[in-house]
Amino acid sequence: MTSTHQLDIAPIGLSFSAQTFQKLAPDSYLLRHLQRDPPTRPSKRAPDEFRAPTLHTGALAHAQGSAVVRVGDTAVVCGVRGEIHALTLGEGRTKGKISVTRNDAVEDEIKTHALLVPNLELGTGCSKDYHPGPPTDFAQSVAERLRVLLVDTVKMVPAETLRITDDDGEIKAYWVLYIDVVCNSLDGNIFDAAWAAVVSALKSTRLPQAFWDADREQIMCDPDRQLYRRLEVRELAFTASFCIYTNKEEEGEGQKWLLSDPDEFEEGICDEKVLVCVREGGKIARIEKSGGDTDVLEIMPECIRRAKARFDTWKKMLDSQN
Amino acid sequence: MTISAVLAPLPRADGSATFKSGLTTVIASVSGPMEVRAREELPDKAFIEVIVRPACGVGSTRERALEARLLSAISPVIIRSHHPRMCIQINIQLVEAEDHSDTTAILPAVINATMLALVDAGTPVNGILVSTLVETEGGRHVLAFEKGRCVLAESQGEFEMEELEQAVKEGGRRCTIEKDEEMMETDEQTVGMAIREAIEKKVKMDMRWRE
């Protein structure tokens, strides 16, 4: 401080800009925002406010289905690629066949044959914590959660739509869908964006007409794009993520705020995270609440209410695309 | 379903525990507080490292996801500020399971084994976290309780809020570690009681020199 003018502005002790405050004491910075009336987050959102998403399907020309989803500064691209998994192997005398025994009531081929393969990749430089190298533990665990939700819980794609049969109805091959999600920019809450991208990409997927050619004994695809068929998607489900911020200062200790759709800054501060996945019709498909000291029964009704409203937002957005 | 818990099966670890529930067996060991790698050092609290090893083969994304879930469950229970700039390492070895791909069934055993190993290691904790899997008509719920309150949930299926409330009630009954009159009358072995007994037994062994 060289001029007296500056001293007038900051007469008492230490004074610094809001950005410095955020860097020095991120916890207090968030708390001071939330203690304002009405509570406002550093991103100028209310605690129950989600970021407005944008969604665009069919952007990738060479994928069978694709979607670009942007939620605030989190942007992901999802591409679906269909490949044929033939059940016959080899040629001539070495020819063999994988026999499939299945129970139509259970429809577990998606799991046993791994017909849906989701993966998540964090693009180079997508966030400040990005390190080049093999997929981080974070990327791997998000990919695994996507797989569990898609294959074990929501069961969006019925197995019958992936079967390729001959004229007699015998299964000759399967479509395997490789669902790759690439995150271009990461500003928190990657799961909601990635899941919405997966759902939208599957919904926009069109597969070529595949048939069994008995003379050549192999699967042939019709190149005519007019004959491509839409992938059957049984039901929709969308997720909503939350963070719980607890005041740890002496004054007003224990006060909690439930923050919808946290950004990276908020995710870094809050220990408790909640995820709710709502199905079409309002039933719940999945709940995840990490440890902490908030009672599940206390917080869940509000989370579910917000997640249902979020479902409607996503649904409307997806419907306007098709 | 038989539940059994043993503290300190591994003599050279700082803390260890074996937890069996039905066909699932898990061994957990805790090392630390010990020196932390420079890039993981936290100035005001302990760094917690979780490593999950599968029963056979090398770990895959499934184990990474299990590690992330266990870390989020266990780190609020540990009083991390007691050991700043230190590392607490938790090693989980899955021994047997009914279905190794079904991590929902394995998670409660992993949480319980870890909690017991932390107690054995003398790590400062806020309370005892006890976890169980509750199956209802439309869903499967992994619930964990601390001081009588449900603090962790992982549910999947197709259900409504009422069903979750029922599951929490049932889970709370199984996970309580407080002895009460009603419980003494029934012979049912609950996960909470198994954990209480294991800790009581260990404390008794440690205090034997006094007698």
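The 3J(HN,Hα) values that the Karplus relation (6.51, -1.76, 1.60; θ = phi - 60°) gives for the stretch B:46-61 are, in residue order, 6, 8, 10, 10, 10, 10, 10, 10, x, 5, 9, x, 9, x, 10, 4 Hz. Gly and Pro appear as x.
Please list, or write none, the lysines whose alpha carbon is within less than 21 Å of the alpha carbon of A:K95, excluding same-chain residues fewer than 8 places away. Here the lysines satisfying the reach criterion relative to A:K95 are A:K172.
Helical content of the protein assembly as shown, expressed as a calculated mean residue ellipticity at 222 nm, amounts to -8500 deg cm²/dmol (DSSP H runs of 4 or more residues, -39,500 (n - 2.57) each, divided by residue number, nearest 500).
Would you mind checking A:K128/A:K308; A:K248/B:K202; B:K20/B:K204; A:K308/B:K20; A:K273/B:K202 for any pair whose Cα atoms are more than 28 angstrom apart? The answer is A:K128/A:K308; A:K248/B:K202; A:K308/B:K20; A:K273/B:K202. Comparing mean-square fluctuations of B:V52, B:V151, B:V119 from a GNM of chain B with C-alpha springs under 10 Å, the top value falls on B:V151. Neighbouring Cβ atoms from other chains, within 10 Å of the Cβ of residues in B:156-166, number 5 on average. Applying the Karplus relation 6.51 cos²θ - 1.76 cosθ + 1.60 with θ = phi - 60° to the stretch A:265-278 yields 3J(HN,Hα) values of 4, 5, 4, x, 9, 7, 8, 8, 10, 10, 10, 10, 10, 10 Hz, where x marks Gly and Pro.
What the phi angles of the stretch B:146-156 give under the Karplus curve with 6.51, -1.76 and 1.60, with θ = phi - 60°, is a coupling list of 9, 6, x, 10, 7, 10, 9, 9, 9, 10, 9 Hz, glycine and proline written as x. Partner shielding of B:134-141 amounts to 1, given as the average count of beta-carbon atoms from other chains within 10 Å of each residue beta-carbon. Summarising the amide proton neighbourhood of B:I79: residues at separation of 5 or more, or on other chains, whose placed amide H is nearer than 5 Å comprise B:V125, B:N126.
Ordering A:214-224, B:125-135 by mean Cβ neighbour count within 10 Å, with the highest value first, yields B:125-135, A:214-224.
Annotation: amide H-H contacts under 5 Å for B:F159 (H modelled 1.01 Å from N, sequence separation of 5 or more, or interchain): A:I284. Inter-chain neighbour count for A:132-144: the average number of beta-carbon atoms from partner chains within 10 Å of each residue's beta-carbon is 4.
Remark: relative contact order (chain A) = 18 percent; criterion is Cα-Cα distance under 8 angstrom and separation of 6 or more residues. Cross-link partners for A:K316 among the aspartates and glutamates, with Cα-Cα distance under 15 Å and sequence neighbours closer than 8 places in the same chain left out: A:E235, A:E280.
With a/c under 1.5 counting as rounded, go ahead and sort the stretch A:53-233 into rounded, prolate or oblate using the C-alpha gyration tensor (a ≥ b ≥ c being the square roots of the eigenvalues; past the cut-off, prolate if a/b is larger than b/c, else oblate). Judged from the Cα gyration tensor, the stretch A:53-233 comes out prolate (a/c at least 1.5, a/b above b/c). Of the complete DSSP H runs in chain A, those spanning 18 angstrom or more by Cα along the long axis with a mean Kyte-Doolittle score not below 0.5 are A:190-203. Nearest 5 percent is fine: what portion of the DSSP beta bridges confined to the stretch B:3-210 is antiparallel? Looking only at bridges with both residues in the stretch B:3-210, the antiparallel portion is about 85 percent. Quick one: grab the alpha carbon gyration tensor of chain B, order the square roots of its eigenvalues as a ≥ b ≥ c, and give me rounded if a/c is under 1.5, else prolate or oblate depending on whether a/b is larger than b/c. Because a/c hits 1.5 or more and a/b fails to exceed b/c, chain B counts as oblate. Taking chain A, the Cys residues with no second Cys beta-carbon under 4.7 angstrom are A:C78, A:C126, A:C183, A:C221, A:C277, A:C303. Taking a Cβ cut-off of under 15 Å around B:R85, the surrounding Lys, Arg, Asp and Glu residues balance to a net charge of -1, with basic ones at +1 and acidic ones at -1. Where Lys and Arg each count +1 and Asp and Glu each count -1, what net charge lies around B:E35 among other residues with Cβ under 10 Å from its Cβ? Net charge around B:E35: +1. Computed from the Kirkwood radius of its Cα pairs, the Stokes-Einstein diffusion coefficient for the protein assembly as shown at 10 °C and 1.306 mPa s stands at 62 µm²/s.
Spatial offset of the stretch A:275-322 relative to the stretch B:53-106 amounts to 26 Å, using the alpha carbon center of each. Can you tell me how the stretch A:247-292 classifies by the Cα gyration tensor, rounded, prolate or oblate, using a/c under 1.5 as the rounded cut? Judged from the Cα gyration tensor, the stretch A:247-292 comes out prolate (a/c at least 1.5, a/b above b/c).
Values in this text are rule-based calculations from the coordinates and carry no lab data. None of the values given here were measured: they were computed from a predicted structure. A quick note on method: Cβ atoms are made from the backbone with ideal geometry, for glycine too, and the neighbour counts reach across all protein chains shown.
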